[in-house]
Amino acid sequence: MGILTIPAVPGAAYDNALPLLENGDRLTRAEFENRYNAMPDLKKAELIAGVVYVPSPVRHRQHGSPHAHLLGWLVQYAAGTPGVEVSDNSSIRLDMDNEPQPDALLLIDPARGGQSRCSADGFIEGAPELVAEVAASSASYDLHGKRHVYRRNGVQEYLVWRVLDREMDWFVLRAGQYEKLTPQADGLLRSETFAGLWLDPVALLQGDLATVLAVAQQGMVSPEHSAFVRRLSLPTTP
């Protein structure tokens with residue numbers, strides 16, 4: 001299975017001379033990483049346009065369960081698509097002012113033509129091809145500051161599950177702008193970057209994981225998925 005494992009960063013006892021990460025702090029990426037690494041008990045923090053965001057504790061129905069369903073869908077796709085990797089809550093070094101930690105992502109192995117890479121110290125550097133987030137509503141920064149950051153850095157597809165709104169937004173990068181992907185006649189959403197990555201948004205929003213995974217499996221036996229897998233197996237030009 002193509003699951004990307006990011007090694008944990010070793011952390012010593014917290015250095016009292018180093019300020020804690022706080023919501024709203026304005027930091028460089030280096031300052032952000034130093035403080036984050038010095039707080040081993042902190043599970044998630046993000047740097048978006050130079051501003052620190054530290055999320056609240058995670059609730060089961062509002063975030064934990066939707067996150068698990070979204071990740072399970074992506075894991076199934078990666079398991080059947082050699083050259084594609086899935087990752088959960090990995091920090092991404094996008095640029096000097098942005099280091100988000102998305103709920104889930106898919107990337108293409110750089111040896112197979114992917115646009116991001118894994119650094120020597122275990123971080124993703126550059127934009128993965130697909131990022132997925134679970135947000136409370138349209139007011140969330142996932143649909144504002146983070147969306148603009150992902151667009152500018154070339155994330156090809158961006159999914160936001162708005163749990164309280166009971167809506168799913170799937171954006172595709174076209175000519176430098178995000179446009180919403182619309183369901184086809186059968187009601188399914190189909191990725192433009194990852195052939196065969198199909199989603200039944202109604203089933204996902206209703207918590208019908210069995211249907212979500214069944215539809216995903218249908219996409220993975222489609223002719224376009226087979227062609228995508230063959231294309232990923234070809235050597236890339238240096």
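The numbers here are math on the coordinates, done by the rules we state, and not lab data. The structure displayed is predicted, hence computed values, not measured ones. Every residue, glycine as well, gets a Cβ built from its backbone with ideal geometry; the counts of neighbours run over all protein chains shown.
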**OP:** Go ahead and estimate [θ] at 222 nm for the chain from helices alone: -39,500 (n - 2.57) per DSSP H run with n ≥ 4, summed, over the residue count, rounded to 500.
**Re:** -7500 deg cm²/dmol
**OP:** For SER56, put the label point 7 Å out on the Cα→Cβ axis and report which residues of segment 127-146 keep their amide N under 11 Å from it.
**Re:** 136
Original post:
Assuming R0 = 25 Å, what is the FRET efficiency of ASN34 and ARG117, from their Cβ-Cβ distance, to the nearest 0.05?
Top reply: 0.65
Subject >> Nearest-0.05 FRET efficiency for LEU164 and GLU192, computed from C-beta distance (R0 35 Å) >> reply: 0.80
Original post:
How much length, in nm to one decimal, is gained on full extension between MET96 and SER137, taken as 0.36 nm per residue of separation minus their Cα-Cα distance?
Top reply: 12.0 nm
Original post:
Quick one: Karplus J couplings for segment 95-101, per residue in order, coefficients 6.51, -1.76, 1.60, θ = phi - 60°, nearest Hz, x for Gly and Pro?
Top reply: 7, 6, 10, 9, 9, x, 10
Subject >> Cα-projected label distance for GLN177 with ARG231, points at 7 Å along beta-carbon direction, nm >> reply: 2.5
**OP:** Describe numerically, in nm with one decimal, the distance between label points set 7 Å from Cα along Cα→Cβ at ASN89 and at THR211.
**Re:** 3.0
**OP:** Determine the distance separating the Cα centre of segment 26-54 from the Cα centre of segment 170-226; give it in Å without decimals.
**Re:** 33
